[in-house]
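Written out below as structure tokens is the structure these notes cover.
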Amino acid sequence: MTGLIDCNNFFVSCERMFNPRLRGIPVAVLSNNDGCIVALSNEAKAVGLRRGDPYFKVADLCRRQGVATLSGNHRLYGDISSRVMATIASVVGGVHVYSVDECFIDFSGWSGELLEKTAREIVRRVRRNTGIPTSLGIAPTCTLAKTASRFAKKYPAYRGVCAIDSEYKRRRALELTDIRDVWGIGRRLVRRLANYGISKAIHLADRTQDDVEQMLNITGMRTWRELNGEPCISVDSVGADSEQHQKQICCTRSFGSNLTGFDMLADAMASFATIISRRLRERNLAAAGVSVFIHTNAMRDDLPQYYNSAYRPLAEPSNDTMTIASAATDALRSIFRKGFGYKRAGIFITELSDVRSIQPSLFSDAEVREKRRRLMAVVDSLNASSLSHDRVHIASYMPLESCVRCEHRSADFSTRLEDVIKVRTSI
């Protein structure tokens, strides 16, 4: 059996943990620069808000309905996510993180009362230790486990745990599940399946293999088999850190105001390079080249528009911050044009390789390479010990928070000592 545990309204739950006044009222969490809604409480959904709504279009509705709007505090959310995953791992092994608020659990060998007791203990302990409510779905396949998790979240009678452990439950769950809510079925595929009269998950599951092969590709065939209870996706292949699924790494930002000077853009690129390099080292990966892009504000028709990108190959695959930052700056210099206000920029790494299989350059110095590797290891160690990823950084690094608009951001309650909640008592 496979489990999928999902944190309920995760961003909102994190905010409510430290601000009890938000409980029971509509809450919306905004994206970078307070651009659009990325998370909603159930109360906010009830007043008609939808995830992805541009905030400027619904600001009046939020004010009329008393919706609390908060800027996304992803440092806080990331820290709480780590605590949630650690708590789950303390109860059961085989935990594979899928996203910031979801993880798969390998329940192979578990069954009966022991499985249900353990599942409920996981939900209880996460709520007790972190304050985050969760929903756990259990089923023979990953796709069905995702479906079971939705039922656990939607129906309070399940008390946070729903198991699809019989043929009757499998068919009943698929009868109640829209095809657009099936894991792995995107919007374009939903439209294609509608042409075949498929609107519910059970309609797809009941099709013959020959029919499905004509309608779907290999990935779609796996989904069909999973819906019919045949495991085709292993839990260790769906984790967020799975190397075989790590096709690219990117870091992009929209700025709070247009950047017109090269130096500020170069500093932003150095920050992107710092983040990407750290992610590469965490995954034991290296980049063969660096792609950068810059973009003006497409929403401002009254301003001149410009978009461009550039790629710089590296002499040898690397995850060294200074090497990647230097390549990014060089690429930026080739596409930067004066007279434009740049609203968005970023770095993409699409050619990844395992650090254990790097082919050194003919002219590289092994001693220098080893010194840089040890330097990066020390930097990562110092930053990890300080609950901050930027305590030690290259000189051109610019905190990205300084160039984005976050007018409604909460404090970093769990990652900055200055923001820790102070409780005053009197005897």
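The values are calculated or read from the model by the stated rules, or taken from the named source; none is laboratory data. Treat the numbers as computed from the prediction; the structure is a model and nothing was measured. Counting neighbours? That spans all protein chains shown, and the Cβs are built from the backbone with ideal geometry, glycine included. With ligands, DNA and RNA removed, areas are computed over all heavy atoms of the protein, side chains included. Shrake-Rupley method; radii C 1.70, N 1.55, O 1.52, S 1.80 Å.
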Test V123 against the criterion of being surrounded by fewer than 18 Cβ atoms within 10 Å (Cβ to Cβ) and of a type in the set (A, V, I, L, M, F, W, C), and give yes or no. no
Got a number for residues in region 261-284 being out of contact with any strand residue (DSSP E or B) (no Cβ under 7 Å at 6 or more places or on another chain) and within 16 Å of K338 (Cα to Cα)? 5
Exactly one of S90, S81, S71 is in contact with a helix residue (DSSP H, G or I) (Cβ under 9 Å, 6 or more places away or on another chain), touching a residue at least 12 places away in the same chain (Cβ under 8 Å), polar (S, T, N, Q) and surrounded by fewer than 17 Cβ atoms within 10 Å (Cβ to Cβ), and that residue is S90
Report yes if some residue within region 154-173 is open to solvent by less than 50 Å² (accessible area, probe 1.4 Å), over 23 Å from F11 (Cβ atoms), acidic (D, E) and not in a loop (DSSP other than H, G, I, E, B); otherwise report no. no
Restricting attention to region 1-54, which residues are touching a strand residue (DSSP E or B) at 6+ places or on another chain (Cβ under 6 Å), over 24 Å from V97 (Cα atoms) and among the charged types (D, E, K, R)? D34, D53
I'd like to check something: does region 15-33 contain any residue that is out of contact with any Cys (no Cβ under 9 Å at 6 or more places or on another chain) and among the aromatic types (F, W, Y)? yes
Close pairs (8 angstrom Cβ cut-off, 6 or more residues apart or separate chains): of a type in the set (G, A, S) in region 297-324, open to solvent by 90 Å² or more (accessible area, probe 1.4 Å) anywhere: A315/F363
Name the single residue, out of those in region 128-149 being in contact (Cβ under 8 Å) with a residue 12 or more places away in the chain and more than 12 Å from I164 (Cα to Cα), that is most open to solvent (accessible area, probe 1.4 Å). N129
Could you pull out the residue among I249, I198 that is in contact with a helix residue (DSSP H, G or I) (Cβ under 6 Å, 6 or more places away or on another chain) and modelled with pLDDT under 85? I249
Single residue of region 193-210 satisfying the filter (surrounded by 14 or more Cβ atoms within 10 Å (Cβ to Cβ) and among the charged types (D, E, K, R)) that is farthest from L4 (Cα to Cα): R207
Which of the residues spanning region 285-309 are in contact with a strand residue (DSSP E or B) (Cβ under 6 Å, 6 or more places away or on another chain), closer than 20 Å to M264 by Cβ and surrounded by fewer than 18 Cβ atoms within 10 Å (Cβ to Cβ)? Q305, Y306, Y307, S309
Subset of region 321-375 that is under 17 Å from L285 (Cα atoms) and part of a strand (DSSP E or B) - its residue that is most open to solvent (accessible area, probe 1.4 Å): F348
